[in-house]
Amino acid sequence: MADVHDGRLVIGTRRYSSWSLRGWLAVRLAGLNVVDQVVPLRGGGQTFELREISPNGLVPYLEHKEARIWESLAICEYCAEISPALWPENRLARAWARSISAQMHGGFPALRQALPMNLGRRMRPRADGLSEDVQADIAALLDVWERTLDAFSGQGPYLFGPEMGIADAMFAPIATRFYSYGVELTDATQAYSNAVRAHPLMKEWARLAEAEPQAWQLERYESLS
Ligand SMILES: N[C@@H](CCC(=O)N[C@@H](CS)C(=O)NCC(=O)O)C(=O)O
């Protein structure tokens, strides 16, 4: 039987793989007809089989109609070529959206390190508190959200209006982390974070994560204080 798909999106364990979530959201928002292939992660770059699959040895990795794309932000850009509405139409808003998406891709390392995505964790702050670096990253990130919501969101609920776009996809795992670790937000950032987590695709991802085998769970994340 002929292959009915246009390619595949390789992702990691949904419970933990924040970069996979970003790529998957972009692919689904753009409506690409690809199959998901999940590779359970070992964590800490130990998932050696990924080196046989993707050029950077990491997920997400997309193959679509003979194109090979790796790095989450490059996948997002590829999806936006197919579905341009994933970036705001207005030039100034689009410039801002691209900038904050790149800022997310390359930044906030202390936050990402201290509060790894774990969809099984619910409103449980780190018992050992948050270092100054982490607090500074959280403040900077909330500042990005506040300023974007103020300038570009209009009636919202997403960063650039009524539809989820690439910038929201890039920040989506942060919304789950703030929930998981019970990070206190302002009214506006809390409303935005809730809207992201309530998006149907986020619900679908969470359902699929919930259904993953328990054997895929990693002690290093589950035992975090
Ligand atoms: N800069 C990359 C980061 C991708 C990344 O670090 N992916 C993690 C999973 S979230 C991974 O593949 N880890 C492999 C491993 O843990 O063995 C991107 O934006 O796609």
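The values are calculated or read from the model by the stated rules, or taken from the named source; none is laboratory data. Because the structure is a prediction, the values reported are computed rather than measured. Note that each Cβ is placed from the backbone with ideal geometry, even for glycine, and that neighbours are counted across all protein chains shown. Ligands, DNA and RNA are excluded from the accessible area calculation, which covers all protein heavy atoms including side chains. Shrake-Rupley method; radii C 1.70, N 1.55, O 1.52, S 1.80 Å.
Answer yes or no: is there a residue in segment 188-200 that is in the same structural domain as Q113 (by TED's automatic domain parsing) and on the phi > 0 side of the Ramachandran plot. No, segment 188-200 has no match at all.
Does any residue of segment 79-95 turn out to be within 15 Å of the chain's Cα centre (by Cα), outside any loop (DSSP other than H, G, I, E, B) and within 28 Å of P162 (Cα to Cα)? For segment 79-95, residues within 15 Å of the chain's Cα centre (by Cα), outside any loop (DSSP other than H, G, I, E, B) and within 28 Å of P162 (Cα to Cα): present.
Here is a yes/no grid of residues against (1) near the ligand (Cβ under 10 Å from one of its atoms); (2) open to solvent by less than 20 Å² (accessible area, probe 1.4 Å); (3) part of a helix (DSSP H, G or I):
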| residue | (1), (2), (3) |
| --- | --- |
| I11 | yes, yes, no |
| R15 | no, no, no |
| S20 | yes, yes, yes |
| A26 | no, yes, yes |
| Q37 | no, no, no |
| G43 | yes, yes, no |
| Q46 | yes, no, no |
| E63 | no, no, no |
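Comparison of F178, F171 shows that the only residue that is modelled with pLDDT of 95 or more and within 25 Å of E77 (Cβ to Cβ) is F171.
Of all residues in segment 195-225, those that are assigned to a loop (DSSP other than H, G, I, E, B) and open to solvent by 50 Å² or more (accessible area, probe 1.4 Å) total 4.
A quick yes/no check of all residues on (1) in contact with a Pro (Cβ under 8 Å, 6 or more places away or on another chain); (2) touching a residue at least 24 places away in the same chain (Cβ under 8 Å):
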position	(1), (2)
T176	no, yes
S180	no, yes
Y192	yes, yes
E210	no, yes
Q214	no, no
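I'd like to know if segment 134-143 contains one or more residues that are in contact with a strand residue (DSSP E or B) (Cβ under 9 Å, 6 or more places away or on another chain), more than 16 Å from the ligand (Cβ to nearest atom) and touching a residue at least 40 places away in the same chain (Cβ under 8 Å). No; the residues of segment 134-143 include none that is in contact with a strand residue (DSSP E or B) (Cβ under 9 Å, 6 or more places away or on another chain), more than 16 Å from the ligand (Cβ to nearest atom) and touching a residue at least 40 places away in the same chain (Cβ under 8 Å). If the condition is being within 15 Å of S17 (Cα to Cα) and part of a loop (DSSP other than H, G, I, E, B), then segment 48-61 contributes G57, L58, V59, P60. Do we find a residue being assigned to a loop (DSSP other than H, G, I, E, B), open to solvent by less than 20 Å² (accessible area, probe 1.4 Å), within 29 Å of L159 (Cβ to Cβ) and within 15 Å of the ligand (Cβ to nearest atom) anywhere in segment 101-110? Checked segment 101-110: at least one residue is assigned to a loop (DSSP other than H, G, I, E, B), open to solvent by less than 20 Å² (accessible area, probe 1.4 Å), within 29 Å of L159 (Cβ to Cβ) and within 15 Å of the ligand (Cβ to nearest atom). All of W96, W70 fail the test of being open to solvent by 50 Å² or more (accessible area, probe 1.4 Å), of a type in the set (F, W, Y), without any contact (Cβ under 8 Å) to a residue 60 or more places away in the chain and under 24 Å from A140 (Cα atoms), apart from W96. Which of the residues that make up segment 65-94 are at positive phi and either near the ligand (Cβ under 8 Å from one of its atoms) or in contact with a strand residue (DSSP E or B) (Cβ under 7 Å, 6 or more places away or on another chain) (or both)? Scanning segment 65-94 gives K65, E71. Residue count for segment 123-138 under the criterion of being within 20 Å of the chain's Cα centre (by Cα) and open to solvent by less than 60 Å² (accessible area, probe 1.4 Å): the result is 3.
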